[in-house]
Amino acid sequence: MDHAPRRLFIALPVDDQDAVRSLDKFYQHLKKYESFLKIVPPDNYHITLKFFGSVESGLADSITEAFLSLNRLKMVEYKIEGAGSFPSADHPSVIWAGLKCDEKPLAEILQSVESLASSLGFPAEKRKFIPHLTLARLKKERSVHQELKKLLTGHRNSIFAASVFRELVLYESVLKRTGAEYKKVEVVKLV
């Protein structure tokens, strides 16, 4: 029996292939900057709702059990709209595509996930939740190439796609030399 700690998080996956393909051109532009960007592979696109971090196997089992008790959560309509960076365009650490989501079902899912986490002793998230898809991270602190800034500014108001989140996933993040690999541990279908 494996008792190694596991890195777990709950997320809404972007698994609609048309939505993923809508970002292909933008993705190809980002690849020009691979020397200083760590680009997220399209099959890893998701919105993280709660990151538990590295947890021991007993707690991982409790998280899994609590996760499976989530039910009757509604599907969430969304649009992938705009692009930008955190914390700022001049000093980014994360490059993202924005998400405009149907707020009521998303708020219900977030509340259910926070309640689950709280019941297991995890602190509530202090930062305001901003739905976004992480597309790339800067490898090191450095100033950003002017053309990359123009790319982000040029896509500030772009509408890439519209779709629906149909499932909530408990993922395990396995760190490898090539980057994180995300494995679905459990899936809750949204109604």
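Please treat every number below as a calculation from the coordinates, not as lab data. Given the structure is predicted, the values throughout are model-derived calculations rather than measurements. Neighbour counts run over all protein chains shown; Cβ positions are idealised from the backbone, glycine included.
Per-residue HN-Hα couplings for the stretch 95-106, Karplus 6.51 cos²θ - 1.76 cosθ + 1.60 at θ = phi - 60°, whole Hz, x for Gly and Pro?
10, 9, 10, x, 10, 9, 10, 4, 5, 4, x, 5
Return the long-range amide H neighbours of F160 (sequence gap of 5 or more, or a different chain), with a cut-off of under 5 Å between placed amide H atoms.
Here I80, E81, G82 satisfy the definition.
Rounding to the nearest 20 debye, state how big the charge dipole of the stretch 130-191 is about its Cα centre with +1 on each Lys and Arg Cβ and -1 on each Asp and Glu Cβ.
In total the dipole reaches around 280 debye.
Give me, ordered by chain and number, the residues 5 or more places off H46 or on other chains with an amide H under 5 Å from its own placed amide H.
The answer is V14, T134.
Given just the C-alpha atoms of the chain, how large is their convex hull per residue in cubic angstrom?
125 Å³
Per residue of the stretch 53-58, in order, report the coupling 6.51 cos²θ - 1.76 cosθ + 1.60 (Karplus, θ = phi - 60°) as ³J(HN,Hα) in whole Hz, putting x for Gly and Pro.
Calculated HN-Hα couplings, in order: x, 7, 10, 5, 4, x Hz.
With charges set only on the Cβ (+1 for Lys and Arg, -1 for Asp and Glu), what does the dipole of the stretch 1-98 come to about its Cα centre, in debye to the nearest 20?
Taking the Cα centre of the stretch 1-98 as origin, the dipole is about 200 debye.
Taking amide H positions as placed in the peptide plane 1.01 Å from N, state which residues far from L37 in sequence (5 or more) or on other chains have amide H under 5 Å from it.
Long-range HN contacts for L37: K139.
Pairs K140/K189; K25/K126; K25/K189; K79/K184; K100/K184: which exceed 32 Å Cα-Cα?
K140/K189; K25/K126
Could you tell me the center-to-center distance, by alpha carbons, between the stretch 147-183 and the stretch 1-75 in angstrom?
For the stretch 147-183 versus the stretch 1-75, the Cα centre distance is 9 Å.
In whole Hz, what ³J(HN,Hα) sequence does the stretch 123-140 give by Karplus (6.51, -1.76, 1.60; θ = phi - 60°), x for Gly and Pro?
x, 5, 5, 8, 6, 5, 6, 10, x, 7, 9, 6, 9, 6, 10, 6, 5, 9
Explain nothing, just the number: dipole magnitude of the stretch 6-189 about its Cα centre with +1 on each Lys and Arg Cβ and -1 on each Asp and Glu Cβ, in debye rounded to the nearest 20.
The calculation lands at about 680 debye.
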